[in-house]
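Colleague: This is the structure I want to talk about, given as structure tokens.
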């Protein structure tokens, strides 16, 4: 008789053996299941909520919320007009950077929980450098041609340094990178606040923020309407970065070293891979990409540094896990998260639906879509230990 353990192992083995098309179909089925469950939760919440005008009546029961209307607003809020599309793609662009940051480190067997801190300090470095160089830069587009690359370079360098630091602690003192990168997020936020508050604060605005960078240094919209805070060339740039790292990880010796060190560290050491050096440059590259996201946030979205940065560093972890930590998979995963973010804001503005219920609907979609990939990661781990036979989809005997 087949035991529960055998069934679980066969299920994990089957998930590991899924083709690309099979994984896409599974994700679509997961989205459909999440929507169905979400509709049930909306109806349940609407049946007990108090409202003057019910939205729906079924079998003699009145409901304050209409699930079809909620999901229609969610979809419309993500893609209903050019402004909404721009908001979705803006969030997607930033999430691609932080998701790629986590994926690079994960491929090397590391957990970079510090993308948020690298994002924050990268954005601060960009704002400070652009403001410092602005008086010396020529006017107009020529000035932008100087300030924009300088700002991006500053954000990448500072983000890379902040990623190098936990990597150095890992190789020098065997410090757990999960703890160090997590704590460095709080340090980055506190240091950035103090630095801006004491040395770069713009007294004309409420709160803690730098002065606005010159218009020539901003990456404004080209195709989308003015005020949408999204530049399509920036998305193209980030997609190019994703493609470069996919090529780096799959077609170069550096990528081979990173993936071998992450999957088979003993075999990597036997093959001559320097694990210490691989750890250092993997964490540094992860910081560079997160810093790039911070730079683009300043140049494209805010036009300055200010407190209250969005939690794209932490969201990037979920984006990467949902994508199976595959750089190319980050694109649909980041788009899904971007659509959920902008669509959820539309629900909050247009419908009298509690914010907590919106969070539940978001979480359901993420949970249902991410769960198969989490089990794939578990199956891959068991396969490395020799517990699961990938070819047969069952337990090794």
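Colleague: Could you tell me whether the stretch 128-150 includes any residue that is closer than 22 Å to residue 310 by Cα, in the same structural domain as residue 218 (by TED's automatic domain parsing) and without any contact (Cβ under 8 Å) to a residue 40 or more places away in the chain?
Modeller: Taking every residue of the stretch 128-150 in turn, at least one turns out to be closer than 22 Å to residue 310 by Cα, in the same structural domain as residue 218 (by TED's automatic domain parsing) and without any contact (Cβ under 8 Å) to a residue 40 or more places away in the chain.
Colleague: If you go through the stretch 172-210, how many residues are surrounded by 18 or more Cβ atoms within 10 Å (Cβ to Cβ) and closer than 30 Å to residue 143 by Cβ?
Modeller: Summing the residues that are surrounded by 18 or more Cβ atoms within 10 Å (Cβ to Cβ) and closer than 30 Å to residue 143 by Cβ in the stretch 172-210 gives 7.
Colleague: Right, another one. Of all residues in the stretch 118-135, which are crowded, with 24+ Cβ neighbours inside 10 Å and over 30 Å from residue 253 (Cβ atoms)? Steps first, please.
Modeller: So the first thing to find is which residues in the stretch 118-135 are crowded, with 24+ Cβ neighbours inside 10 Å, and the list is 118-127, 130.
120, 121, 123, 124, 125, 126, 127, 130 - these are the residues of the stretch 118-135 that are crowded, with 24+ Cβ neighbours inside 10 Å and over 30 Å from residue 253 (Cβ atoms).
Colleague: In the stretch 307-322, what count of residues is obtained for those that are in contact with a helix residue (DSSP H, G or I) (Cβ under 8 Å, 6 or more places away or on another chain) and either surrounded by fewer than 24 Cβ atoms within 10 Å (Cβ to Cβ) or within 19 Å of residue 150 (Cβ to Cβ) (or both)? Give the derivation first.
Modeller: Taking the stretch 307-322 and keeping what is in contact with a helix residue (DSSP H, G or I) (Cβ under 8 Å, 6 or more places away or on another chain), we get 307, 309-322.
Still in the running and either surrounded by fewer than 24 Cβ atoms within 10 Å (Cβ to Cβ) or within 19 Å of residue 150 (Cβ to Cβ) (or both): 307, 309-311, 314-315, 317-318, 321.
Of the residues in that region, 9 qualify.
Colleague: In this structure, is residue 331 surrounded by fewer than 21 Cβ atoms within 10 Å (Cβ to Cβ) and modelled with pLDDT of 90 or more? Show your work before the answer.
Modeller: Details: surrounded by fewer than 21 Cβ atoms within 10 Å (Cβ to Cβ): yes; modelled with pLDDT of 90 or more: yes.
Taking the combined requirement at face value, the residue satisfies it.
Colleague: Quickly run through the stretch 242-258 and pick out the residues that are in contact with a helix residue (DSSP H, G or I) (Cβ under 7 Å, 6 or more places away or on another chain) and surrounded by fewer than 19 Cβ atoms within 10 Å (Cβ to Cβ). It would help to see each step written out before you state the result.
Modeller: Of all residues in the stretch 242-258, those in contact with a helix residue (DSSP H, G or I) (Cβ under 7 Å, 6 or more places away or on another chain) come to 242, 245, 248-249, 254-255, 257-258.
Once the filter is applied, which keeps residues that are in contact with a helix residue (DSSP H, G or I) (Cβ under 7 Å, 6 or more places away or on another chain) and surrounded by fewer than 19 Cβ atoms within 10 Å (Cβ to Cβ), the stretch 242-258 yields 248, 254, 255.
Colleague: Now for a different question. If a residue has to be surrounded by fewer than 15 Cβ atoms within 10 Å (Cβ to Cβ) and part of a loop (DSSP other than H, G, I, E, B) to count, how many in the stretch 55-72 make the cut?
Modeller: Qualifying residue count for the region: 2.
Colleague: Outside the structural domain of residue 227 (by TED's automatic domain parsing) and more than 24 Å from the chain's Cα centre (by Cα): does that describe residue 35? Write out each step before concluding.
Modeller: Working: outside the structural domain of residue 227 (by TED's automatic domain parsing): yes; more than 24 Å from the chain's Cα centre (by Cα): no.
Spelling it out, it is not the case that residue 35 is outside the structural domain of residue 227 (by TED's automatic domain parsing) and more than 24 Å from the chain's Cα centre (by Cα).
Colleague: Please find, among 110, 75, 100, the residue that is in the same structural domain as residue 189 (by TED's automatic domain parsing), in a helix (DSSP H, G or I), in contact with a helix residue (DSSP H, G or I) (Cβ under 9 Å, 6 or more places away or on another chain) and touching a residue at least 24 places away in the same chain (Cβ under 8 Å).
Modeller: Details: 110 fails: in a helix (DSSP H, G or I); 75 fails: in the same structural domain as residue 189 (by TED's automatic domain parsing).
Residue meeting the stated conditions: 100.
Colleague: Take residue 158 and tell me if it is more than 21 Å from the chain's Cα centre (by Cα), crowded, with 20+ Cβ neighbours inside 10 Å and either assigned to a helix (DSSP H, G or I) or outside the structural domain of residue 329 (by TED's automatic domain parsing) (or both).
Modeller: When the stated conditions are applied, residue 158 does not pass them.
Colleague: Would it be correct to say that residue 169 is crowded, with 18+ Cβ neighbours inside 10 Å, touching a helix residue (DSSP H, G or I) at 6+ places or on another chain (Cβ under 7 Å), free of Cβ contacts under 8 Å to residues at least 12 places away in the same chain and assigned by TED's automatic domain parsing to the domain that holds residue 281? Don't jump to the end; show me each part of the working.
Modeller: On the way: crowded, with 18+ Cβ neighbours inside 10 Å: yes; touching a helix residue (DSSP H, G or I) at 6+ places or on another chain (Cβ under 7 Å): yes; free of Cβ contacts under 8 Å to residues at least 12 places away in the same chain: yes; assigned by TED's automatic domain parsing to the domain that holds residue 281: yes.
Yes.
Colleague: From the list 52, 47, exactly one residue is farther than 21 Å from residue 367 by Cα and assigned to a helix (DSSP H, G or I). Which is it? Write out each step before concluding.
Modeller: On the way: 52 fails: assigned to a helix (DSSP H, G or I).
Exactly one of 52, 47 is farther than 21 Å from residue 367 by Cα and assigned to a helix (DSSP H, G or I), namely 47.
The values are calculated or read from the model by the stated rules, or taken from the named source; none is laboratory data. Keep in mind that what you see is a predicted model, and the values were worked out from it rather than measured. Methodologically, a virtual Cβ is constructed for each residue, glycine included, from the backbone with ideal geometry; neighbour enumeration extends over all protein chains shown.
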